[in-house]
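Here is the structure we will look at.
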Amino acid sequence: MGPPVDLGLLVVGEINPDIIVAGAHAQPRFGQAERYVRSIRLAVGSSSVITACGATRLGLRTAFVGVVGDDLFGRFMLDEMRARGIDVSACRFDPELPTGVTVVLDTGADRAILTAPGAMASLHAEEVPRALLMRARHLHVGSWFLQDRLRPGLPGLFAAAHAEGLTTSLDPGWDPAEEWQGLQDILALTDVFLPNTAEARAVGGASDVGTAAQAIRGVGPEGMTVVVKQADRGALAVRGSASVTSAALQVTVADAVGAGDSFDAGFLCGYLQGWPLADALELAVACGALSTRRAGGTDGQPTLEEARAALLAAGRDLPE
């Protein structure tokens, strides 16, 4: 008899803090020019970690597998993840590499992102403990394009997850090379695919988001769900012949960093509770929107009760 299934979510992915430079003049000017900005802060970053934090905030028991350097940034991230209730016992320190770091230049109207990958790309699929996999109901991976050593073994890991009865999800993230190649094998084993609009168009090979989502779904397993994050246009989800949309939830935005990752957490929470597709999408939209109320990717993430209350205030509702 195997270990008990006591985890809702196992996240495998990159770990890096964000250094967020915010303000109307958060654009460097070369020539040794100094500019004032509104703020510079160190925050919990990385698509995978922000999703894990959002999931725990919603009440899902969550564990994480990833790699950090043996440095201040790595210890900061693991400490913050533990403080939010994430099991990081399977994470490791790499003494040879620094922790990956992302610098976000946020002018309010737009963002630019600079990432030094460091240890982010050093995780292998074989490092995911089988005993931990057996304890979880669902396996999620983020930032596929940033994880060079994880990618080759990921189809095998997803197949192993399916063999243990888990469902799987993938948020591809942006491809820095903008080539969008190599996803076919992993998409064939992905139950929930979570791109944003630009990513869906690139992967699906169509400018129309609905057409792109259906093209991606055609590559995946039977019953695959494709969920497209459309920012202020809300979101679209397709599964089989069903296609549903959810309008954006209006909030006062302080910082949109990580909103898509909080959206992922919301959708996976509804998905794992067996909610109808439309309701899981509503929760996802609420979680993405409400996460923008505070600076950084995690400080504004809502509880399930807060998400339900925000939707109710907007004349929308969720299952009990």
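Things worth noting here:
- Positive-end ranking of Val228, Phe267, Ala206 along the dipole of the range 202-287, with charges on Cβ about the Cα centre, is headed by Ala206.
- Within the listed set Asp232, Asp18, Asp87, the Gaussian network model of the chain (springs between alpha-carbon atoms below 10 Å) gives the highest mean-square fluctuation for Asp232.
- Size of electric dipole in the chain: Cβ of Lys, Arg +1 and of Asp, Glu -1, about Cα centre, debye, nearest 20: 440 debye
- Taking other Cβ atoms within 10 Å as a rough exposure proxy, Arg29, Arg111 sort from fewest to most as Arg29, Arg111.
- With a cut-off of 20 Å on the backbone N, the residues of the range 192-213 near the modelled label site 7 Å out from Glu222 along Cα-Cβ are 192-193.
- Placing a label point 7 Å from the Cα of Ser89 along the Cα-to-Cβ direction, the residues of the range 34-64 whose backbone N falls under 14 Å of that point are 62-64.
- Normalised by 2.2 N^0.38 Å, where N counts its residues, the alpha-carbon radius of gyration of the range 239-320 equals 1.02.
- Pairwise label distance in nanometres, Arg41 with Gln214, each label 7 Å out on the Cα-Cβ vector: 4.4 nm
- Each Cα pair under 8 Å and six or more residues apart adds its sequence gap; the mean of these over the residue count of the chain is a relative contact order of 16 percent.
- Compactness of the range 1-138 as Cα Rg over 2.2 N^0.38 Å, two decimals: 1.20
- A Cβ-based charge dipole, computed about the Cα centre of the range 169-288 with Lys and Arg at +1 and Asp and Glu at -1, lands at about 340 debye.
- Paramagnetic reach from Ser241 in the range 214-235 [backbone N under 18 Å; point 7 Å along Cα→Cβ]: 214-215, 217-218, 222-226
- Burial ordering of Glu282, Glu126, fewest other beta-carbon atoms within 10 Å first: Glu126, Glu282
- Residues whose amide H falls under 5 Å from that of Val11, counting only those 5 or more places apart or on a different chain, are Ala63, Phe64, Val65, His140, with hydrogens built in the peptide plane.
- Here the simple spin-label model places points 7 Å from the Cα toward Cβ, and for Asp110 and Ala159 these points are separated by 4.4 nm.
- Reference-scaled alpha-carbon Rg (2.2 N^0.38 Å with N residues) for the range 111-255: 1.09
- Distance between the C-alpha centres of the range 1-70 and the range 264-282: 22 Å, rounded to the whole angstrom.
- Principal axis extents of the C-alpha atoms in the chain (largest first, rounded to whole Å): 58, 48, 38.
- Cα-centre dipole for the range 32-128 with unit charges at Cβ (Lys and Arg positive, Asp and Glu negative), debye to 20: 500 debye
- Taking Asp70, Asp208, Asp94 as the candidate residues, the one with maximal mean-square fluctuation in a Gaussian network model of the chain, Cα springs under 10 Å, is Asp208.
- Of all DSSP-defined beta bridges confined to the range 180-320, some 75% are antiparallel rather than parallel.
- Across q = 0.13, 0.15, 0.21 Å⁻¹, the range 202-283 modelled as identical point scatterers on its alpha-carbon atoms has Debye log10 I(q)/I(0) values of -0.41, -0.55, -1.03, in the order of the q list.
Readers should treat all values here as calculations from the given coordinates under stated rules, not as data from a laboratory. No experiment lies behind these values; they were computed from the predicted model shown. As a convention, Cβ positions derive from the backbone with ideal geometry for all residues, glycine included, and neighbour counts pool all protein chains shown.
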